[in-house]
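Colleague: Pasting a structure below so you can have a look.
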Amino acid sequence: MNNIESLRNKVFKEEKFKNLLKGIEGQGGVAMLIGGAVIDSIQGLPIKDVDIEVYGLSYAELVVLIERLGLSCNLVGKSFGVIKTTIDHIEIDVSIPRKENKVGVGHKGFEVLLDEKMTYAEAGMRRDLTINSMYQNLHDGEIVDPFNGLEDLRKGIIRATKKETFVEDPLRVLRIMQLLPRKGKEVAKDTMELCQSMVSAFSELPKERVFVEWEKLLLKADEPSLGLEFLRDSGWLIHFPELNDLIGCPQNPIWHPEGDVWIHTKMVLDNAAKLRYQIPDDWKLAYMFGALLHDIGKPSTTTPDLKAHGHDTAGIEISETFLRRITNDKDLIYKVTTIVGLHMRPGQLFRSEAKEPAWKRLHNKCRLDILGWQSKADSAGRTGRDVILDVHETSEKCFELFEKFGKTKIEPLVLGRDLMALGISPSKEFKWILDSCYEKQLDGLTKEEIIASIEA
């Protein structure tokens, strides 16, 4: 690439960014694009995260330069040699090369040494994978590849940059979990062996870091099941026992010719990823976790005759246990456990030809469109099904009624002021009367009919 402006992010075309590059070059420095942005550039994809590593200038010199150009200069990452600046509302991390020496336990147990005179290869040794150890010169567009990451990227091989540094941070194993289905096809044998040797180091990771990698797997991967299989092959699935229990849990071959619950879950998860674009942003992650955990109750409820009655209800507590180990997000946990607990209801209502009142009550517990997409992904999670081409009548019913009911819970027609207008004073029975009115409304009565029933 000779024209750096061909990089797909508007910040590269901004005059302020060009002035930053000129300032770095004018002082004898070199600005290198690093990280996933280089992969995106090579693959012609839009660059989301702009991370720049500057060689030849000290941290202090960079700070002076950025401030002289009138750019914001946030030094929150000073201990790691990172300066955060913003150009046209796009945040950019500007850093200088550093070494990281493991001196303690956990992700904070590193000694950081800044050194602007390091070579690209020396600086790249601290990076996790060869595909993440490539650089792109922001002055002329040249790709610098000291660890053959470009060849690995083209072949789809996920490989550790350096064995000695890879094992220093166990989070790198979970990074492979989410990067494999997005940027690769297989994990190099020696890298897999490294991951297998690091199983016990999982305890060093705080839940927040673990959650971020799950989030990337579920929201960015086209086939997140590949990440699940990596966890199994690496031995790290043991740290997620609720998922590990799915392996070997049998299902009735009449309904599930694909195999055990583990295989079914992987298929459903990949189906959900194909439908993910249909889901509102504030429900997207809950929807994907719902697909991952929807049958988590089957191992504890499956009987010798391969029935799993009540697995949906049993899955509520089990899925909550799983989620609480990786996140404190109460809203997310509530949404996911709701999906898990109700994922069977659309099919049950459709097969029984339930009337609208039953669907209204379900919609009040969870949006029908979310349950519809979940049901569609679940139904197609078996041999011979296609989640895109197949028509799923249960889901279509959900979508039809969602359009009718709206995005939120059905609002009550009769309110407290209506009762007071009838001469009913607030009392212990007040709420009971309102609840009774609401139930009548869900059964299809109009406001006038409900009030008439009270007067009678």
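The values are calculated or read from the model by the stated rules, or taken from the named source; none is laboratory data. Predicted, not measured: the structure shown is a model, and the values here were computed from it. All Cβ positions, even for glycine, are placed from backbone atoms using ideal geometry, and neighbour counts span all protein chains on display. All accessible areas refer to the heavy atoms of the entire protein, side chains included, with ligands and DNA or RNA removed. Shrake-Rupley method; radii C 1.70, N 1.55, O 1.52, S 1.80 Å.
Colleague: Kindly indicate whether any position in the stretch 390-398 is touching a residue at least 24 places away in the same chain (Cβ under 8 Å) and under 27 Å from K447 (Cβ atoms).
Modeller: Checking the stretch 390-398: at least one residue is touching a residue at least 24 places away in the same chain (Cβ under 8 Å) and under 27 Å from K447 (Cβ atoms).
Colleague: To continue, here is another question. Could you please give the count of residues in the stretch 74-90 that are out of contact with any Phe, Trp or Tyr (no Cβ under 7 Å at 6 or more places or on another chain) and open to solvent by less than 70 Å² (accessible area, probe 1.4 Å)?
Modeller: 9
Colleague: So, one more: For the stretch 217-232, which residues satisfy the criterion of being touching a residue at least 40 places away in the same chain (Cβ under 8 Å) and either assigned to a helix (DSSP H, G or I) or farther than 18 Å from A286 by Cβ (or both)?
Modeller: Answer for the stretch 217-232, where residues must be touching a residue at least 40 places away in the same chain (Cβ under 8 Å) and either assigned to a helix (DSSP H, G or I) or farther than 18 Å from A286 by Cβ (or both): L217, L218, L219, K220, D222, E223, S225, L226, G227, L228, F230, L231.
Colleague: Something else now. Pairs needed: first member in the stretch 267-292, farther than 16 Å from F399 by Cβ; second member anywhere, of a type in the set (S, T, N, Q) and open to solvent by 10 Å² or more (accessible area, probe 1.4 Å); C-beta distance under 8 Å; at least 6 residues apart or different chains.
Modeller: M267/S225; L269/S225; D270/S225; A291/N271
Let's see how each residue does on (1) within 22 Å of W262 (Cβ to Cβ); (2) of a type in the set (S, T, N, Q):
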{"site": "E151", "(1), (2)": "no, no"}
{"site": "V187", "(1), (2)": "yes, no"}
{"site": "T191", "(1), (2)": "no, yes"}
{"site": "S203", "(1), (2)": "no, yes"}
{"site": "W214", "(1), (2)": "yes, no"}
{"site": "S225", "(1), (2)": "yes, yes"}
{"site": "R232", "(1), (2)": "yes, no"}
{"site": "L243", "(1), (2)": "yes, no"}
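Colleague: Just for helices (runs of 4 or more DSSP H) wholly inside the stretch 245-317: which have at least 2 residues that are among the polar types (S, T, N, Q)?
Modeller: 261-275, 298-301
Colleague: Conditions: (1) at pLDDT 90 or above; (2) open to solvent by less than 40 Å² (accessible area, probe 1.4 Å). K404 meets all but one. Number of the miss?
Modeller: Here K404 clears every test but (2).
Colleague: Then there is this: From the residues in the stretch 376-396 that are in a loop (DSSP other than H, G, I, E, B) and among the acidic types (D, E), which one is nearest to N271 (Cα to Cα)?
Modeller: Checking each candidate, the answer is D386.
Colleague: Exactly one of these conditions fails for T321: (1) β-branched (V, I, T); (2) open to solvent by 40 Å² or more (accessible area, probe 1.4 Å); (3) under 21 Å from S379 (Cα atoms). Give me its number.
Modeller: Unmet condition: (3).
Colleague: Any idea which of D378, D435, D390 is open to solvent by 40 Å² or more (accessible area, probe 1.4 Å), charged (D, E, K, R) and either at pLDDT 95 or above or in contact with a Lys or Arg (Cβ under 9 Å, 6 or more places away or on another chain) (or both)?
Modeller: D390
Colleague: With the requirement that a residue be open to solvent by less than 60 Å² (accessible area, probe 1.4 Å) and either part of a helix (DSSP H, G or I) or under 29 Å from N328 (Cβ atoms) (or both), what does the stretch 176-189 give you?
Modeller: Within the stretch 176-189, I176, M177, Q178, L179, L180, P181, K183 meet the criteria.
Colleague: Quick one: W373 ticks every box in (1) in contact (Cβ under 8 Å) with a residue 12 or more places away in the chain; (2) open to solvent by 20 Å² or more (accessible area, probe 1.4 Å); (3) farther than 18 Å from G290 by Cα; (4) assigned to a helix (DSSP H, G or I) except a single one, so which number is it?
Modeller: For W373, the exception is condition (3).
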